[in-house]
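For reference, the structure discussed in these notes is given below.
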Amino acid sequence: MPASTMSAPAPTGAGVFSRMASSRHLLGLEGMSRAELLEILDRAQRFRDLLDGQGIQSQELRGVTVCNAFFENSTRTRVSFELAEQRLGATHVSFSSSDSSTAKGETLLDTLRVVQSMRVDLVVVRHPSAGVAAYLARHLDSAGVINAGDGAHEHPTQGLLDLLTLRQAWKGQFEGRRIAIVGDIAHSRVARSAIHGLRVLGTAVTVAGPPTLLPMGLEALGVECSGTVDDAMRGADAVMALRLQRERMEQGLLASTSEYARVWGINARRVELLEPEGVVMHPGPMNRGVEIAADVADGPRSVVFQQVTDGVAVRCAVLLRCATARAHEVRP
Ligand code: NCD
């Protein structure tokens, strides 16, 4: 589609991200610079402060149309994108795989081209296959694509919200800190995005989990592997527990859930191994009693629900960034 036929005006907050050569897409945190990460976090922090105060009632995305296309289950990601869109004044629509025409045999690309033809400016997509967001970004000629989780590849807005939560817990200091990420690393797009962001910001990462659930190539990302959860958590400034992603797992990778909880679960005794101000994170959905004990999830070190609030702020910042970049890219 020629640029001149695109009608969405520049978001009213266009100045905010205009210094940065950003893209209209957000496909992952891999390759993102420290400056880009911090710029998004700064902007997100301002939205976060508003959420704690007067609330977000903005028209910065007035005239921008967003479609949330979810081909996999989601509660917090989808709801927080929808809330962020609403609070910034965007026009937004959502559909899931069960109520879309892909269920009638239409290809994914055709479904999204249909959406684009309705003059949708941004598509937020979640899909079980790794690489789908990048594939759509290559083939949709006018819409911006925001990855809301593609298979075991990346979940960049989750990675950013994890950074926002940690920045608050760590008083702005990522360097010299260390986080333990525990559990099913192999199938976790959350871990992958968090690792990319944290390493760029200078935080050490130790992972621990059953050997069958640790992927190859972690060392290349500058990540330490630990044989036990106790060793990983001892002296760490945060721990992130991950859900067992059974929907992405081959059979036979795990012995039993109770054995997993005993060997790898985050319990109250293990939380005591963290630094005194160390926090406990979980991207959700939590399986209480498996990867995280209920008293830890509800305990004083848990920032699990703070992460959810931070998610709305991060999605506001990301939507604004992508809409601004798109308006610049397509300006005649
Ligand atoms: C995660 C996901 O979907 O990757 N959830 C989320 O978006 N907060 C983690 C998970 O499903 O376990």
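Would a scan of the stretch 262-271 turn up a residue that is over 20 Å from the mean Cα position of the chain (by Cα), within 16 Å of the ligand (Cβ to nearest atom), touching a residue at least 40 places away in the same chain (Cβ under 8 Å) and surrounded by fewer than 21 Cβ atoms within 10 Å (Cβ to Cβ)?
Step one: of the stretch 262-271, the residues over 20 Å from the mean Cα position of the chain (by Cα) are 262-271.
Now drop any that are not within 16 Å of the ligand (Cβ to nearest atom), which leaves 264-266.
Imposing the further condition that a residue be touching a residue at least 40 places away in the same chain (Cβ under 8 Å) reduces the set to 264, 266.
Subset that is surrounded by fewer than 21 Cβ atoms within 10 Å (Cβ to Cβ): none.
Taking every residue of the stretch 262-271 in turn, none turns out to be over 20 Å from the mean Cα position of the chain (by Cα), within 16 Å of the ligand (Cβ to nearest atom), touching a residue at least 40 places away in the same chain (Cβ under 8 Å) and surrounded by fewer than 21 Cβ atoms within 10 Å (Cβ to Cβ).
Looking only at the stretch 20-28, decide whether some residue is part of a loop (DSSP other than H, G, I, E, B), within 16 Å of the ligand (Cβ to nearest atom), under 21 Å from the mean Cα position of the chain (by Cα) and within 21 Å of Arg167 (Cβ to Cβ). Walk me through how you get there before you give the answer.
Taking the stretch 20-28 first, the residues part of a loop (DSSP other than H, G, I, E, B) are 20-25, 27-28.
Among the residues that remain, those that are also within 16 Å of the ligand (Cβ to nearest atom) are: 27-28.
With under 21 Å from the mean Cα position of the chain (by Cα) added as a condition, the list becomes 27-28.
Filter once more, so that each one left must be within 21 Å of Arg167 (Cβ to Cβ): 28.
So far as the stretch 20-28 goes, yes, one or more of its residues are part of a loop (DSSP other than H, G, I, E, B), within 16 Å of the ligand (Cβ to nearest atom), under 21 Å from the mean Cα position of the chain (by Cα) and within 21 Å of Arg167 (Cβ to Cβ).
So which of Val114, Val124 is within 13 Å of the chain's Cα centre (by Cα) and among the aliphatic types (A, V, I, L, M)?
Answer to the check: Val124.
Could you check how many residues of the stretch 68-82 are more than 12 Å from the ligand (Cβ to nearest atom) and among the acidic types (Asp, Glu)?
Qualifying residue count for the region: 1.
Say we look at the stretch 240-261 and pick out the residues that are near the ligand (Cβ under 9 Å from one of its atoms) and not basic (Lys, Arg); which of these is farthest from Ser302 (Cα to Cα)? I'd like the intermediate steps shown before the answer.
Here is the first cut: in the stretch 240-261, the ones near the ligand (Cβ under 9 Å from one of its atoms) are 242-245, 247.
Of the ones still in play, those that are also not basic (Lys, Arg) are 242, 244-245, 247.
Details: Leu242: 14, Leu244: 19, Gln245: 21, Glu247: 26 Å.
Looking at residues that are near the ligand (Cβ under 9 Å from one of its atoms) and not basic (Lys, Arg), I get Glu247.
Computed from the coordinates by the stated procedures, all read-outs in this text should not be read as laboratory data. Here the structure is a predicted model, which means the values were calculated and not measured. Here Cβ is always computed from backbone atoms with ideal geometry, including for glycine, and neighbour counts include all displayed protein chains.
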